[in-house]
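Here, each number is a calculation from the coordinates, and none is a lab measurement. Since we're looking at a predicted model, the values are computed, not measured. FYI the Cβ positions are ideal-geometry reconstructions off the backbone, even for glycines, and counts take in every protein chain you see.
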Amino acid sequence: MKNTLFMVNAGKISPDENGGASVYFSHLELLSLAGYQIHLLACIWDETPFNEDDYKLIKPFVKHITFYKPIFKKPKKNLNRLYKALFNPALFEYYFLNQQNVSFLKSHIAENNIDLVWAEWRWTAIWAWQAKLNCPLIYAHHDWEYKLALLRKKPDLNKRFHTFQKKRIEMQLVKNVTACVSGSATEATEIQQITNKKTLYLPTTYPEITRQLNPKPTPDLIHLGGMGTTANRLGLERFLDLCWQPIKNEIPTIQLKIIGTLNGASPALLKKLKTENIQCLGFVSNLDEIMHPEAIHIIPWEFNTGTRTRIPQVFNYQQVLVATKASAACFPELINDKNCILANDLNEMSKQIINLYKNPKKRAILAQQAKVTFYQNFTAQSQVKPLKAFLKTI
């Protein structure tokens with residue numbers, strides 16, 4: 001049994017939390033099922049308080065948990081800093097890359113006889129890469145930071161410079177780790193082409209919902225995901241700008257239910273959410289209360305970035321997914337008009353939602369096929385074999 005160091009951001013790890021927490025839970029469960037002994041290193045990057053309950057769901061998967069708050073050292077402005085900007089952008093951008101943190105990581109690996117390091121998200125992977133470890137390093141890639149930065153508000157010159165630097169770092173990172181896994185099939189292919197190294201498409205998995213859930217007489221329109229995520233925040237605002245009024249004109253009684261925290265939403269978005277047909281429910285701990293089968297679940301993000309971690313959960317709850325083709329490109333399992341509806345753009349998305357609302361038979365068929373797709377592709381049992389085969393090659 002190989003000792004694996006699982007480096008992850010501190011905070012709640014659960015399939016019912018945010019997208020990142022769902023990915024962490026999925027990967028831990030898969031590694032455990034694959035027979036790896038896991039030492040979890042929870043990295044405290046900010047002032048997040050320790051809460052033991054945040055880790056109670058993963059205790060069956062891990063041998064022990066270590067918490068570490070990396071030391072940040074702000075560099076002096078001198079010629080050496082200019083040299084780093086030109087020739088070592090990682091040391092220029094990330095102040096946690098220093099000897100104290102490198103020494104801790106190497107000592108921790110030696111003390112626990114670690115055979116393999118699995119790093120979730122960018123910062124942990126950058127830290128492990130720069131430490132020049134004597135064991136294989138797998139980078140669990142969530143998205144390209146530089147791509148998301150370019151899609152946010154128009155950046156000034158300073159932000160453009162740092163985005164350029166972070167792109168350089170991300171390219172160097174995927175080239176210097178031993179292998180990568182990604183929840184997006186398109187980004188896994190992209191990484192493979194950039195690096196010519198082993199890369200695995202590993203969709204996010206969820207525990208199966210086996211409880212009997214009943215559809216409502218009339219379907220709700222559902223949006224699941226907190227506004228702290230760029231795709232959720234910008235996608236929902238675009239949906240409200242382009243789709244919401246045409247849908248309401250056709251179906252005046254339709255209800256849009258927003259699940260997830262509004263933290264991070266712009267004042268403009270918050271204003272748009274204040275209408276009688278929209279219910280903002282905040283974080284919902286028990287999704288069974290709101291995720292009814294055959295409800296219409298929207299993902300209006302217009303770009304192929306990262307992975308839509310909630311899509312497997314939408315299928316798990318046997319809902320009818322309506323998404324843009326770009327947002328769903330990360331999942332090859334999604335087939336238009338078979339297990340979901342994929343629209344070319346938001347204008348077409350409005351029409352598809354209206355048609356589905358008026359066609360209960362089609363909603364029922366799509367929902368049933370979504371659940372079949374979930375069984376086949378988005379359970380831990382369906383993905384553990386590909387992961388074991390991949391890890392044997394490392």
Handout entry: Part-to-part distance (alpha-carbon centres) for segment 7-45 and segment 234-292, which is given in Å
Key = 29 Å
Fill in the blank from the handout: Row for segment 152-271, column shape: gyration tensor on C-alpha, a ≥ b ≥ c, rounded if a/c < 1.5 i.e. under 1.5, prolate if a/b over b/c, else oblate; value oblate
Handout entry: Student exercise, the chain dipole from Lys, Arg, Asp, Glu Cβ charges, in Debye to nearest 20
Key = 1120 debye
Practice task
Treating cross-link reach as a plain straight distance, find the lysines whose alpha-carbon is under 25 Å from the alpha-carbon of K74, omitting any fewer than eight places away in the same chain.
Solution key: K84, K106, K132, K159, K166, K167
Exercise for the section: Using Cα positions and a limit of under 20 Å, work out the lysines in reach of K388, with same-chain residues fewer than 8 apart set aside. Expected result: K2, K63, K197, K198
Exercise for the section: Going by C-beta contacts inside 10 Å, put K197, K392 in order with the fewest on the left. Expected result: K392, K197
Handout entry: Interchain or long-range residues, amide H under 5 Å from W301's placed H
Key = T324
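Using the alpha carbons of segment 342-394, what is the convex hull volume per residue in cubic angstrom, as a whole number?
98 Å³
What's the ranking of 354-363, 92-101, 110-119 by average number of surrounding C-beta atoms within 10 Å, highest first? Spell out each step's value before the answer.
Numbers: 354-363: 14.7, 92-101: 16.5, 110-119: 18.0.
Highest to lowest by the protection proxy: 110-119, 92-101, 354-363.
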Fill in the blank from the handout: Lys and Arg at +1, Asp and Glu at -1: neighbours of I311 with Cβ under 14 Å from its Cβ sum to +3
Practice task
Provide, in order from the shortest bin, the percent of all Cα-Cα pairs of segment 139-203 in each 10 Å bin, continuing until the bin that contains the maximum pair distance.
Solution key: 22, 47, 25, 6
Completion exercise
Most packed first (mean Cβ within 10 Å per residue), the peptides 5-14, 185-194 order as 5-14, 185-194
Practice task
Once you have a ≥ b ≥ c as the square roots of the Cα gyration tensor eigenvalues for segment 221-377, tell me rounded if a/c is under 1.5, and otherwise prolate or oblate according to whether a/b is larger than b/c.
Solution key: rounded
Handout entry: Span from the segment 47-75 Cα centroid across to the segment 344-394 one, whole angstrom
Key = 33 Å
Exercise for the section: Return the sequence-ordered ³J(HN,Hα) values of segment 345-354 in whole Hz as given by the Karplus equation 6.51 cos²θ - 1.76 cosθ + 1.60 applied to θ = phi - 60°, using x for Gly and Pro. Expected result: 8, 6, 5, 5, 4, 4, 5, 5, 5, 4
Completion exercise
Note, segment 357-362: 3J(HN,Hα) by Karplus (6.51, -1.76, 1.60, θ = phi - 60°), whole Hz, Gly/Pro = x, goes 4, 8, 10, x, 5, 5
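Report the convex hull volume per residue for the chain, counting only C-alpha atoms, in Å³.
144 Å³
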Practice task
Treating cross-link reach as a plain straight distance, find the aspartates and glutamates whose alpha-carbon is under 17 Å from the alpha-carbon of K351, omitting any fewer than eight places away in the same chain.
Solution key: D220, D241, E250, E302, D337
Completion exercise
Most exposed first, judged by fewest Cβ atoms within 10 angstrom, C180, C280 run C280, C180
Problem - Peptides ranked, highest mean first, by Cβ atoms within 10 Å: ranges 75-87, 131-143 - result: 131-143, 75-87
Completion exercise
Between the Cα axis of helix 121-130 and the main Cα principal axis of the chain, the angle (0 to 90°, nearest 10) is 10 degrees
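Quick check on the exposure proxy: order W129, W301 from fewest to most C-beta atoms within 10 angstrom.
Listing W129, W301 from fewest to most nearby Cβ atoms yields W129, W301.
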